[in-house]
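Some notes on the structure that comes next.
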Amino acid sequence: MFGGFQALVFQTDYQQIQVTQDAGRKRYRDIYRVTIDEQVFEFRTFGAAVEFLEQAKLAAARLAAQKVAEASEKAEIPTFDLPKIKISSRDLRPYVSATKAEISRTYRQAAIDAEIAVLMEMQAKSEYNEDVIWFLMQ
């Protein structure tokens, strides 16, 4: 009797699965992971991940502008390290490549701007010192 019960249970489960085809495993959604400098960000949609990469470009531009401003005050040329960006989806590869390229261009231009600002600041100080020396000599 125990063996008959077991067969009846399996048969019932099998019939239920046939009747309700949509019941079963949960559907796993794609999660898009973007890692920037070992900080992980997860997104449920592809669009949100792409938008985040666009925001990363803007954040890099703000950081570059801030470092250029600090460079002119301190009279030293800052270094710009490119962020390490990793992704979990192949679909994001073109967007990550474009983001890295744009950040690289932004940082390169910021380094040039910082160097020019430092040189102009040094020249202004030098001219001021020459004027002071000329004034004192008279």
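Worth pointing out:
- Taken over segment 51-80, the residue count meeting the criterion of being under 13 Å from the mean Cα position of the chain (by Cα) and acidic (Asp, Glu) is 2.
- Matching residues, segment 70-99, being small (Gly, Ala, Ser), loosely packed, with under 13 Cβ neighbours inside 10 Å and either modelled with pLDDT of 95 or more or in a helix (DSSP H, G or I) (or both): Ser97
- Which numbered condition Ala111 fails, given (1) surrounded by 12 or more Cβ atoms within 10 Å (Cβ to Cβ); (2) closer than 30 Å to Ala48 by Cα: (2)
- Qualifying residue in segment 13-30 (condition: surrounded by 11 or more Cβ atoms within 10 Å (Cβ to Cβ) and either modelled with pLDDT of 90 or more or not in a helix (DSSP H, G or I) (or both)): yes
- When the test is whether a residue is in contact (Cβ under 8 Å) with a residue 40 or more places away in the chain, under 19 Å from Arg33 (Cα atoms) and loosely packed, with under 13 Cβ neighbours inside 10 Å, Lys57 does not pass it.
- Matching residues, segment 68-97, being in contact (Cβ under 8 Å) with a residue 12 or more places away in the chain, out of contact with any Phe, Trp or Tyr (no Cβ under 7 Å at 6 or more places or on another chain) and small (Gly, Ala, Ser): Ala71, Ser72, Ala75
- In segment 111-132, the residues that are over 10 Å from Ile77 (Cα atoms) form Cβ pairs under 9 Å with partners that are assigned to a helix (DSSP H, G or I) and modelled with pLDDT of 80 or more, at six or more places apart or across chains, as follows: Glu121/Ala71.
The values are calculated or read from the model by the stated rules, or taken from the named source; none is laboratory data. Only a predicted model underlies this, so the values are computations on that prediction, with no experimental measurement involved. Every residue, glycine among them, receives a Cβ derived from its backbone with ideal geometry; neighbour counts consider all protein chains shown.
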